[in-house]
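Worksheet: one structure, shown below.
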Amino acid sequence: AQSVTQLDSHVSVSEGTPVLLRCNYSSSYSPSLFWYVQHPNKGLQLLLKYTSAATLVKGINGFEAEFKKSETSFHLTKPSAHMSDAAEYFCVVSGRGGGYNKLIFGAGTRLAVHP
Amino acid sequence: DGGITQSPKYLFRKEGQNVTLSCEQNLNHDAMYWYRQDPGQGLRLIYYSQIVNDFQKGDIAEGYSVSREKKESFPLTVTSAQKNPTAFYLCASMDRLYEQYFGPGTRLTVT
């Protein structure tokens, strides 16, 4: 079975400082992994995805994530936070269960960015 | 523009009434999904459909119903049997590489 754990429910950073949002996953096979961002009262937008190509994945808005199989991690980073980065972030792993393709969502990490 | 549309953005209903949320996609995806999101929580799967005229229950299907008569459309009905219907509802479709594309959501308030 697949599962995903986001290690921090809230992260607070100052504008211009690095961002680290942590995610660990569990999967019995090589999964696809995703990070989505959700701004208040909006749908989810894909930031980046890992699909067994390069382990360092670059996404939109300066975000990137590194797939580390030995640590079963897929942490999201950004060198310098911007006020507009304040949002909810979801780590997601692909899975298959009950005969269908599905995504398993983490509980989310709320990122606050202070001036 | 390709994408997913959901309507309305905000919906208010009295307790005991059924209500239908619309979801339309023009991405030509076979698979579509409905999720429920409550404050401070992740997404929970209500129903999914992998192909026209077929759909399956997700993790929290009680009190909900769906139909999939057309590839483009996957409406969700919240029935009076749903105990706590007030929530943010998200519709999504999925491509062959597992990437899901989300609509803007419908916030349903039942009083």
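Can you tally the net charge around B:Phe88? Count Lys and Arg as +1, Asp and Glu as -1, for every other residue whose Cβ sits under 14 Å from the Cβ of B:Phe88.
Computed value for this residue: +3.
Calculate, in nm to one decimal, what B:Thr20 and B:Thr109 gain on full extension: separation in residues at 0.36 nm each, minus their alpha carbon distance.
30.8 nm
How well do other chains shield peptide A:23-36, expressed as the mean number of their Cβ atoms within 10 Å of each residue Cβ?
1
Using protein chains only (no ligands, no nucleic acids) and a 1.4 Å probe, work out which residues of the stretch B:82-108 have their accessible area cut by at least 50 Å² relative to the chain alone.
So the qualifying set is B:Tyr98, B:Glu99, B:Phe102.
With the other protein chains left in place, how much accessible area per residue, in square angstrom, belongs to chain A at a 1.4 angstrom probe?
Result: 46 Å² of accessible area for each residue.
Over the Cα atoms, compute the radius of gyration (one decimal) and Dmax (the largest Cα-Cα distance, rounded to a whole number) for the stretch B:39-111, in Å.
Rg, Dmax (Cα atoms, Å): 12.7, 40.
Once the mean 1/r over all distinct Cα pairs of the protein assembly as shown is inverted, what Kirkwood radius in angstroms do you read off?
So the Kirkwood estimate lands at 18.1 Å.
Under 12 Å from the Cβ of A:Ala54, count the other residues' Cβ atoms, weight Lys and Arg +1, Asp and Glu -1, and hand me the total.
Working: positive: A:Lys49, A:Lys58; negative: A:Glu64, A:Glu66.
For residues surrounding A:Ala54, the net value is 0.
What relative contact order, as a whole-number percentage, does chain B give when Cα pairs under 8 Å and 6 or more residues apart are counted? Display every interim value, and only then the final one.
On the way: 282 pairs, mean separation 38.9, N = 111.
Relative contact order for chain B comes out at 35 percent.
For the protein assembly as shown, give the percent of accessible area contributed by carbon and sulfur heavy atoms, probe 1.4 Å, rounded to a whole number.
49
Provide the per residue accessible area, probe 1.4 Å, for chain B, rounded to a whole number of square angstrom. Mind showing how you got there, number by number?
Values: 5600 Å² over 111 residues.
Accessible area per residue, chain B: 50 Å².
Given the convex hull of the Cα atoms of the stretch A:1-75, what is a quarter of its surface area in nm²?
So the Cα hull casts an average projection of 5.9 nm².
Any idea what Rg and Dmax come out to for the stretch A:64-115 if you just take the C-alpha atoms, in Å?
14.3, 48
Find which of B:Phe12, B:Pro104, B:Ile51 sits farthest along the positive direction of the dipole of chain B, computed with +1 on the beta-carbon of Lys and Arg, -1 on that of Asp and Glu, about the Cα centre.
Positive-most Cα among the choices belongs to B:Phe12.
Tell me which cysteines of the protein assembly as shown come out unpaired when the rule is another cysteine's Cβ under 4.7 Å.
Lone cysteines by the Cβ rule: none at all.
If you take the accessible area of B alone, add that of A alone, and subtract the area of the pair, what total do you get in Å², probe 1.4 Å, to the nearest 100?
It comes to approximately 1800 Å² buried between B and A.
Could you go through the stretch B:96-106 in sequence order and give the Karplus-derived ³J(HN,Hα) for each residue, using 6.51 cos²θ - 1.76 cosθ + 1.60 with θ = phi - 60°, rounded to whole Hz, and x for Gly and Pro?
Rounded to whole hertz, the list is 6, 9, 6, 6, 9, 10, 9, x, x, x, 10.
The values are calculated or read from the model by the stated rules, or taken from the named source; none is laboratory data. Just so you know, these numbers come straight off a predicted model, no measurement behind them. Note that we place each Cβ from the backbone using ideal geometry, even for glycine, and neighbour counts take in every protein chain shown. Quick note on the areas: whole protein, heavy atoms, side chains included, nothing else; ligands and nucleic acids left out. Shrake-Rupley method; radii C 1.70, N 1.55, O 1.52, S 1.80 Å.
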